[in-house]
Every structure is written in structure tokens, then in C-alpha cells.
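Read through the structure below, which is laid out as C-alpha cells, and then see the notes.
Readers should treat all values here as calculations from the given coordinates under stated rules, not as data from a laboratory. As the structure is a computational prediction, the values presented were derived from the model and not from experiment. Methodologically, a virtual Cβ is constructed for each residue, glycine included, from the backbone with ideal geometry; neighbour enumeration extends over all protein chains shown.
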Amino acid sequence: MALPDTNKLQAADSRTTGLTAVTIEDGSNYLGTEIDNSVNLNLFADIGVEYQYQVAPTASKQLNVCVLYEVDGTNYEDGAGSGVGTNNIDPFASTLVGSISPAADTDTAHFVSMKGIPLSPLPFKILVGNVDTAQTVTGTIVCQTYNMQTTDT
């Protein structure tokens, strides 16, 4: 390539998370389906969280979003529990990619995005934890993955 070159982001690909309109009780986690990044080999992810409460949550509490990897080709990091769905095995702090402090309201659905999350070239699952909001939350998680590309300028 002739110099100078330009680094740009490629268009993102939508990934199926298995986290659509899931109900997560207070003190519980919900684990999504596998996204096989050993095939995709994407460098980054943007994760979007849409959530709503039917009863106002306790203010200044949190929802956590974690990315759990299958490092050894068989087992996922703690927090994966017995598989997809509700589980109460808390993930390690090192898996946390974002935390949301929900407003104490039920008026509308809220949307928060976490951008530029670095990815390993391994299968992963997204886990959402309703840490301590004192109420059940309904949420949908979307994930877009992408790479960098180098172009001649």
C-alpha cells in the first residue's frame, strides 16, 4: 500500500444475543446465547440495552452487562451457570463491560449503549445482571460487532 494509509471502521454486523424481552428478577442474572467470535474475528462490539420496569426501581442501584468467554474451548467463565437463561452465579468483575444506574421511574423504556468494547477471538455470551434494583426488569440486548480496515488515501 502506498503511504499514507487511513484506518477506518468497517460496517457493523448484527449478532443474535438471545436476549429479547427477557425478565430479570432482582438479584438474578440472565445469560444470552453464544456469539462465535472465533469465526467472526471481530475486534470490537457495541452493546445496546433497552430496559423498562413495571414498578419503579430503587434509585442509584445497578444493572450490569458482562461478556463471558469460552477460553478453553469447552467452559465459559463463571456467571455462565447451567446455560442460557436465568442463573444466580455471579460473574467475575473482570467480565464487566458496563453498568447502568436506572432512573426510579416506569414511564418509558430506556436505551443505553456501550461502545468500542474490545473482543477476544473466542466464543462469548452476554450476561445481564439485575444486581440490586429491588424490582424485576424487562430488557432486550442488541450487539453489533466490527473491525478496522486500512484503505489507501
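Shown in residue order for the stretch 33-43 are the 3J(HN,Hα) couplings computed by the Karplus curve 6.51 cos²θ - 1.76 cosθ + 1.60 at θ = phi - 60°: 8, 6, 10, 8, 7, 6, 9, 5, 6, 7, 8 Hz (x for Gly and Pro).
Springs between alpha-carbon atoms under 10 Å, Gaussian network over the chain: tell me which of Val65, Val39, Val137 tops the mean-square fluctuations. Among Val65, Val39, Val137, the largest GNM mean-square fluctuation belongs to Val39. Over the stretch 7-152, Cα pairs under 8 Å with separation of 6+ residues give a relative contact order of 50 percent.
For the chain, dividing the convex hull volume of the Cα atoms by the residue count gives 121 Å³ per residue. Centroid-to-centroid, using Cα positions, the stretch 112-153 and the stretch 1-57 are 3 Å apart.
Distant-in-sequence amide contacts of Thr133, defined by a placed amide H-H separation under 5 Å and a gap of 5 or more residues or a different chain, comprise Gly27, Gln62.
Remark: spin-label model distance Ser94-Thr74 equals 2.0 nm, labels positioned 7 Å along the Cα→Cβ axis. Once the dipole of the chain is set up with Lys and Arg at +1 and Asp and Glu at -1 on Cβ about the Cα centre, which of Phe124, Met148, Asn7 lies farthest towards its positive end? Value: Asn7. Straight-line cross-link reach from Lys61 at under 15 Å between alpha-carbon atoms covers these aspartates and glutamates, not counting any fewer than eight positions away in the same chain: Glu25, Asp26, Asp105, Asp132.
Proximity of backbone amide H atoms, modeled 1.01 Å from N, is registered between Phe44 and Leu119, Tyr146 at under 5 Å, excluding neighbours fewer than 5 places apart on the same chain. Residues in the stretch 113-128 carry Karplus couplings, in order, of 10, 10, 10, x, 6, x, 10, 8, x, 9, x, 9, 10, 9, 10, 10 Hz; the curve used is 6.51 cos²θ - 1.76 cosθ + 1.60 with θ = phi - 60°, and Gly or Pro positions show x. For the chain, the Cβ-based charge dipole about the Cα centre amounts to some 200 debye (Lys, Arg positive; Asp, Glu negative; other atoms uncharged).
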